[in-house]
1. Suppose we keep just the DSSP beta bridges with both residues in the chain; what percent of those would be antiparallel, to 5?
2. Mind checking which aspartates and glutamates have their Cα closer than 13 Å to the Cα of K258? Skip sequence neighbours fewer than 8 apart in that chain.
3. Considering the chain as a Gaussian network with a 10 Å cut-off on Cα pairs, which listed residue, Y183, Y121, Y248, attains the greatest mean-square fluctuation?
4. Provide Rg over Rh for the range 100-175; use the alpha carbon set for both Rg and the Kirkwood Rh (inverse mean inverse pair distance).
5. If R₀ is 25 angstrom, what is the calculated FRET efficiency for the pair D241 and R177, using the beta carbon separation as r and rounding to 0.05?
6. Work out from phi, with θ = phi - 60° and the Karplus expression 6.51 cos²θ - 1.76 cosθ + 1.60, the ³J(HN,Hα) of each residue of the range 227-232, listed in order in whole Hz, and give x for Gly and Pro.
7. About its Cα centre, what dipole magnitude does the range 170-264 give when the only charges are +1 on Lys and Arg Cβ and -1 on Asp and Glu Cβ, stated in debye to the nearest 20?
8. Hey, what do the phi angles of the range 14-23 turn into as Karplus ³J(HN,Hα) couplings, whole Hz, using 6.51/-1.76/1.60 and θ = phi - 60°, x for Gly and Pro?
Amino acid sequence: MYNFAYHKPASLADAVKILSADPEARPLAGGQTLIPVLKQRLNKPSQLVDLAALGLAGIKVSPTALTIGAMTPHAAVARSAEVRKAIPGLADLASWIGDEQVRHRGTIGGSLANNDPSACYPAAVLALGATIKTDRREIAADDFFQGMFTTALEPGEIITEVAFPLPVEKSAYEKFRQPASRYAMVGVFVAKGPKGVRVAVTGAGQNGVFRVPEMEDALAKSWSPDSIAAIKVSPDGLVSDIHGSAAYRSHLITVMAKRAVAKAG
C-alpha cells in the first residue's frame with residue numbers, strides 16, 4: 001500500500017474542499033472496493049477523505065419518496081422495515097450483496113459512485129427511476145450511469161442520498177451469483193411504479209447496467225413471466241469470460257427476468 005494522507009472531516013463542505021483541491025485525492029465510504037485496490041497497489045491516492053463523520057446515513061420515507069443516505073450500509077437497507085414496506089425488492093436486493101461483513105461495511109453511495117459492472121444497486125436505482133443527489137445537484141438514474149466504472153459525477157462531487165419515487169406497485173430482484181465472489185454474473189431488477197414498468201440488468205453488459213425496453217413494453221401490457229419468455233437480449237455487447245459466455249449471459253437475462261417478475265407477483 002502506498003503512503004497517503006488521511007482525513008476525516010466533520011462537514012460535507014470540508015470534504016468537498018479537500019477533494020476539489022486535489023485531483024489525486026479519493027473519498028472513502030465503506031472501503032469494500034477501495035481498500036483491496038490499495039492493498040494490491042493498483043491505486044495511488046495522495047489523500048483519503050473518510051466520509052464516515054458527515055452524517056450521511058439514514059432512511060426516510062415520505063408519501064412520494066424513499067430516501068436513503070449515501071453512507072447507509074447494505075445491512076441497514078436489508079433489515080429496514082420502512083424499506084421492506086415501501087420497496088420490498090430493494091430490501092431483498094440489499095440482503096443478497098456480498099457476505100455479512102461486506103453488507104455491514106459497504107454503502108449504497110459507495111456502490112453507485114464506483115459503478116462496478118457487476119454491482120447490484122445500479123440495477124435497482126435504474127429500474128426504480130431513482131434520483132442521485134449530490135453536494136451540488138440532482139442526477140436522474142438514466143443520466144447517472146455512463147459506462148463501466150464511469151458515472152456523471154464530477155471531480156470532488158459527493159453523493160449525499162438516493163431518492164426512490166413512491167408508490168411502487170411491484171418490485172423484485174433476481175441474480176445468478178458467481179460462486180466465489182457472489183457478484184452478479186447476471187442480475188435483473190423489475191419494477192412497476194411512478195416511472196412506469198422498467199427492467200434493468202447488471203453483471204452482463206460490457207458497459208455496465210442497462211435497461212431492456214422490449215421486456216418493459218411486454219410487461220406493461222401483461223405483467224407475467226410468460227410475456228417475456230420469448231424475449232432474448234442479443235449477446236453482442238455482453239460480457240464473455242471464464243465464468244460464462246455472452247450467449248450464456250443472454251440466456252440468463254431472460255431466466256432471471258422471468259423469476260423476478262414471478263417473485264414480484
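Taken together, the values in this text are just the output of simple stated rules run on the coordinates, not laboratory data. This structure is a prediction, so every number in the text was calculated from the model and none was measured. Don't worry about glycine lacking a Cβ; one is built from the backbone with ideal geometry, like all the others, and counts go over all protein chains shown.
1. Details: 37 of 44 bridges.
Here the antiparallel bridges make up roughly 85 percent for the chain.
2. E174, E216, D226
3. With Cα springs under 10 Å in the chain, the top fluctuation among Y183, Y121, Y248 is at Y248.
4. Details: Rg = 12.5 Å, Rh = 13.1 Å.
Across the range 100-175, the Cα-based Rg/Rh ratio is 0.95.
5. Working: r = 15 Å, r/R0 = 0.59.
So, using R0 = 25 Å, E works out to roughly 0.95.
6. 5, 10, 4, 9, 8, 10
7. Numbers: 14 positive and 7 negative charges, 80 e Å.
The dipole magnitude comes to about 380 debye.
8. Listing the rounded values in order: 5, 5, 4, 4, 5, 5, 6, 7, 9, x Hz.
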